[in-house]
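Have a look at the structure below, then the notes.
Taken together, the values in this text are just the output of simple stated rules run on the coordinates, not laboratory data. All values reported here derive from a predicted model rather than from experimental measurement. Positions of Cβ are generated from backbone atoms using ideal geometry, with glycine treated the same way; all protein chains shown enter the neighbour counts.
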Amino acid sequence: MKEKSALIIFSILLTSICIYFCIPHFFEKEKIDILLDRMKLWPGYSDPDSSLDENNQEENFEEKNEENLDNEIIDDENNIISDDDIIDDEGDDFFNDEEIRTFQASFDLNGAEGTTPETLSCSTSSNSCTITLPSITTNREFLGWSLSKDSTSPSLTSGMNVTLSANRTYYAITRQNYTVTINGNGAFIGTQTRSCSAYNTSSSCTVTLPDLNRDFYTSVGYTTDASSANILYNTSTTLTLTNNLTLYAVRKIDTTSYDQYANVAMEVFNKINSLRASRGLNQLNYSKSLELSAMLRISEIMQNYDFNVNGDYHYRISNNMPFYTVNELALRENYDSDRILSADNFHSRFTNSNDHYLNMTATDITQAGIAVGFDGEWYYIVELFG
C-alpha cells in the first residue's frame, strides 16, 4: 500500500514538473513563430544575416527578442500575444499601404465671356477631399456655380469649400438684365419699368407690356418716338428684349369730326402764346398728349356740363377724381361751351375771366393741348396746361 502511494505521489510530481517546464515553453515558442511570420509581412523586411542557416536564424531571432518579450508582447498575466498590441506597438503604417486618389474639378463659363479658372485638384487616401471654388469676372453678372449648366439659381458660391469624391465640372451661372422703360407720355401711369433676365447662354428674355386701356380710350399702344402716334407694340404684348428699351405710350380716343375743329383749337393755342409774349412770358409748346386728354375731358363734359364735386367743376364724371387724373402732365384746366364756333370768341371769354386768365399766364407751365368738340347743339373747348 505504501509503495502504491509513493508511486502516485511520484507521478503527480512528474506531471507537475512537465506542466511547469513544457507548456510555457510550448506557448512561448508558438508566440515567437507568430511574431516571426508577421514580421515577414512588414514592408522593408530583410534577412539580417543571409549566411545563417534557417535553424540558426530562428535561434538568433529567439535570443534577440527574449529580453523584450515580457514587456512588449507577452501579457504578464495571461501569456497570450495580442494582435492589436503588435499593430499598436509597431504603427499602422506597417500594415496599411493605402492607395492615394486624386480628384479634379474643372470650370465652365457656360456662355459668359471671361477667363476660365484653372482646373483644381486634391489628393486623399480616403474617399473624398476638398477644394475651394474660385471667383470669376465675366461680361455678365456672375451669380455662382452649379453642377447643372441649365440652372438659373446657383447652389454654390465662390469661396465655398466643396467635397470631391469624383472628377466634376462646375458651371458658372450668369445673367444679363434687360429693362424696358415705359413713359406714360401723358397716360396717367407715370413712368414704369418691366425687367427680365437672360441666363447663361441665353441672349434674350421676355416682358409683358402693361395694359393702359382706361376711361374713354379706344386704342392704346406703344411707340419708340414720343411725338409719334404710330403704334409699334400693342398693350399686353409679350416683348422679347435683347437690350434695354424705352417706349412711349400712344393714346387714342374717338376723333370723330376732329379735323373740323383742329384748326379752331390751333388758333386758340396761338392766341395764348401771343398773350404770353405780350406779358414777357415763355412760349408754350404744343402737346399732343395733352390734346388727347383734352378730347377725353370734352367727352366727359358733354355728358354733364354742370357736373361738380363739392362745387368744383374741374372733376371727372367717370370717377369723381380731379381733372389732372386724366393726364399726370396736366397742371391747369380751362373749359367752356358756346353755341358759336369761334376761336376769337372762346379766347375772349377766357381772357375776361380772372381764373382762366391766370391759368393761361401761369409761370409754372411749359406746354398746352387744346381740343374742340360739338354735341349737335353746343361747341365745347378744353385747354389743358402742363
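If you average 1/r across every pair of different Cα atoms in region 266-354 and take the reciprocal, what Kirkwood value do you get, in Å? Present the calculation step by step, with values, prior to reporting the outcome.
Values: mean 1/r = 0.0693 Å⁻¹.
After inverting the mean inverse Cα-Cα distance, the result is 14.4 Å.
Could you compute the net charge surrounding Gly369? Neighbours are other residues with a C-beta less than 12 Å from the C-beta of Gly369; K and R count +1, D and E count -1.
On the way: positive: Arg251, Lys288, Arg297, Arg332; negative: Glu291, Glu333, Glu383.
For residues surrounding Gly369, the net value is +1.
Would you mind putting 275-284, 337-346 in packing order, based on average other-beta-carbon counts within 10 Å, highest first? Before the final figure, lay out each step's value.
Working: 275-284: 12.4, 337-346: 15.2.
Top to bottom by mean Cβ count within 10 Å: 337-346, 275-284.
With label points built 7 Å along Cα→Cβ from the Cα atoms of Ser121 and Ser148, find their separation and express it in nm.
Those two pseudo-labels are separated by 3.1 nm.
Work out, step by step, the length gained on full extension between Tyr357 and Thr181: first 0.36 nm times the residue separation, then minus their alpha carbon distance; give nm to one decimal.
Numbers: separation 176, 0.36 × 176 = 63.36 nm, distance 3.71 nm.
Separation in residues times 0.36 nm, less the Cα-Cα distance, equals 59.6 nm.
Enter the Cα centre distance for the pair region 347-386 and region 144-211, rounded to the nearest angstrom.
50
Got the relative contact order for region 125-175 handy, in percent, Cα pairs under 8 Å and 6 or more residues apart?
It comes to 49 percent, rounded to a whole number.
Please give the net charge around Arg279, taking every other residue with its beta carbon less than 15 angstrom from that of Arg279, where Lys and Arg add +1 and Asp and Glu add -1.
+1
For region 196-348, what are the per-bin percents of Cα-Cα distances with bins 10 Å wide, up to the bin holding the maximum?
P(r) for region 196-348, in whole percents per bin: 9, 30, 31, 18, 8, 3, 1.
Bin all alpha-carbon pair distances of region 225-305 at 10 Å intervals from 0 and give each bin's fraction as a whole percent.
That works out to 13, 33, 30, 17, 6, 0, in percent per bin.
Once fully extended, how much extra length lies between Asn319 and Asn270, figured as 0.36 nm per residue of separation less the alpha-carbon to alpha-carbon distance?
Values: separation 49, 0.36 × 49 = 17.64 nm, distance 3.23 nm.
Value of the extension gain: 14.4 nm.
Please tell me the relative contact order of region 267-345 in percent, rounded to the nearest whole number, where contacts are Cα pairs under 8 Å and at least six residues apart. Can you show the working numbers first?
Details: 44 pairs, mean separation 18.6, N = 79.
Relative contact order for region 267-345 comes out at 24 percent.
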